[in-house]
Amino acid sequence: MELSVLGSPSGESQGGGVLSLRSFVASMEKLAARAATSDAAVWSAGEALDLAYLGVLGCTMSIAPTLGAALRCFANYFGTVQSATAIRIEQDNDRVQLHYRILDENIWPRRADAELTLGIVASTIRRYAPDAGRSVSVQFEGGHAASNRAIEMRLQRPVLQGDDNTIAFPARLLDARLPVPAANASAAASDFREGINLLNRHLGCVRAMQPVSARVQELLLERTGQTAADQDSIARALAMSRRTLRRKLEAEGTSFLELNESCRCSIGRALLLRTELPLVEIAMRLGYSDHTAFSRAFSRWCGVPPGALRKTLAGASATT
């Protein structure tokens with residue numbers, strides 16, 4: 001799982017190298033730490049980033065006919081530049097939310113990476129809708145960060161804290177268009193379609209190179225607590241039968257049950273340690289019928305009941 005280095009317009013470093021996602025996120029955290037006294041340096045870097053540095057993805061976004069098309073392109077094909085990441089777009093009445101999350105819960109802290117990504121989205125929104133102004137709001141996972149105040153000053157709205165990273169804006173902005181001369185409209189539309197075709201092929205190649213077990217794990221991490229994550233649903237998402245999925249996983253030395261348990265453990269531990277959600281709600285998110293079943297499973301995974309681990313950590317924090 002790798003992330004192309006944003007070091008040239010092609011999306012590769014000058015030496016053609018790549019960074020692992022973990023290394024990239026760590027480098028963003030170091031950058032944020034060095035710029036602690038600056039005004040939201042990483043967020044600002046995302047806002048100022050030339051989309052060409054995202055390669056075909058960025059170039060295609062830049063010629064999308066509407067903001068909605070640009071953001072759908074970003075969400076659908078972000079996997080061509082960064083792996084193990086989930087982006088989804090939801091609309092609730094008159095508000096649209098773009099959610100962003102690194103799937104590997106062991107990569108932490110990761111606030112700077114979220115600021116970079118949402119900064120890119122914020123810049124895209126303003127490019128299509130310069131009058132968006134105070135209608136744009138953001139939320140970050142985890143606790144309060146030193147950069148909150150600077151971002152709040154830019155958005156003129158409070159920065160919220162929640163379970164994931166989200167940028168929200170009015171649904172009417174989805175139809176916002178770039179001013180394209182009528183004489184160039186046809187060529188621009190053709191270029192956008194060609195860009196989407198290239199991205200489809202690229203993403204297909206990326207997926208084909210992944211072990212089936214890795215793809216299943218990504219889908220489980222993305223879907224657990226959000227939508228159906230049973231074996232039949234995962235098999236359909238991979239365009240294969242349940243039997244074929246089981247056979248491919250066996251060939252890779254694992255099983256759907258093992259992968260599902262591993263993902264539940266990762267998500268459950270993260271929710272337990274980074275949020276104040278009740279055990280009952282965590283259990284429901286992970287698909288358990290009650291918190292007792294979750295407690296038994298967590299004890300099996302980690303050797304200690306979830307409530308006891310949370311109390312231990314709370315006590316350690318109180319003495320530091």
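The values are calculated or read from the model by the stated rules, or taken from the named source; none is laboratory data. Owing to the predicted nature of the structure, the values given are computational and were not obtained by experimental measurement. No Cβ is skipped: glycine too gets one built from the backbone with ideal geometry, and neighbour counts run over all protein chains shown.
For region 85-105, does any single residue satisfy the condition of being acidic (Asp, Glu), under 25 Å from GLU218 (Cα atoms) and crowded, with 18+ Cβ neighbours inside 10 Å? Within region 85-105 (the criterion being acidic (Asp, Glu), under 25 Å from GLU218 (Cα atoms) and crowded, with 18+ Cβ neighbours inside 10 Å), the answer is yes, since at least one residue qualifies.
Considering region 159-179, the residues that are assigned to a loop (DSSP other than H, G, I, E, B) and in contact (Cβ under 8 Å) with a residue 12 or more places away in the chain include one that is farthest from the chain's Cα centre (by Cα), namely LEU178. For region 127-150, filtered to residues that are part of a helix (DSSP H, G or I) and of a type outside the set (Ser, Thr, Tyr), the residue that is modelled with the highest pLDDT is ARG127.
If the requirement is being within 29 Å of SER23 (Cα to Cα) and of a type in the set (D, E, K, R), which of these qualifies: ASP92, ASP191, ASP113, ASP175?
Residue meeting the stated conditions: ASP113.
Given the condition surrounded by fewer than 20 Cβ atoms within 10 Å (Cβ to Cβ) and either among the polar types (S, T, N, Q) or assigned to a strand (DSSP E or B) (or both), answer yes or no: does some residue in region 114-126 qualify? Looking through region 114-126, at least one residue is surrounded by fewer than 20 Cβ atoms within 10 Å (Cβ to Cβ) and either among the polar types (S, T, N, Q) or assigned to a strand (DSSP E or B) (or both). All of (1) touching a Ser or Thr at 6+ places or on another chain (Cβ under 7 Å); (2) within 30 Å of GLY133 (Cα to Cα); (3) at pLDDT 95 or above hold for ALA171 with one exception: (1).
Mind counting the residues in region 217-233 that are out of contact with any Phe, Trp or Tyr (no Cβ under 7 Å at 6 or more places or on another chain) and more than 19 Å from ALA270 (Cβ to Cβ)?
Count: 4.
Of the numbered criteria (1) aliphatic (A, V, I, L, M); (2) at pLDDT 95 or above; (3) surrounded by 13 or more Cβ atoms within 10 Å (Cβ to Cβ), the one ALA251 fails is (3). No other residue among GLU152, GLU222, GLU141 is among the acidic types (Asp, Glu) and outside the structural domain of ASP39 (by TED's automatic domain parsing) apart from GLU222.
In summary, ARG264 fulfils each of the numbered conditions (1) exposed (fewer than 15 other Cβ atoms within 10 Å of the Cβ); (2) within 20 Å of the chain's Cα centre (by Cα); (3) of a type in the set (D, E, K, R) with the single exception of condition (1). Within region 93-103, can one find any residue that is at pLDDT 95 or above, more than 25 Å from VAL180 (Cβ to Cβ), touching a His at 6+ places or on another chain (Cβ under 9 Å) and not in a helix (DSSP H, G or I)? No - not one qualifying residue is present in region 93-103. Is region 44-52 home to any residue that is in a loop (DSSP other than H, G, I, E, B), modelled with pLDDT of 95 or more and of a type outside the set (D, E, K, R)? There is at least one residue in region 44-52 that is in a loop (DSSP other than H, G, I, E, B), modelled with pLDDT of 95 or more and of a type outside the set (D, E, K, R).
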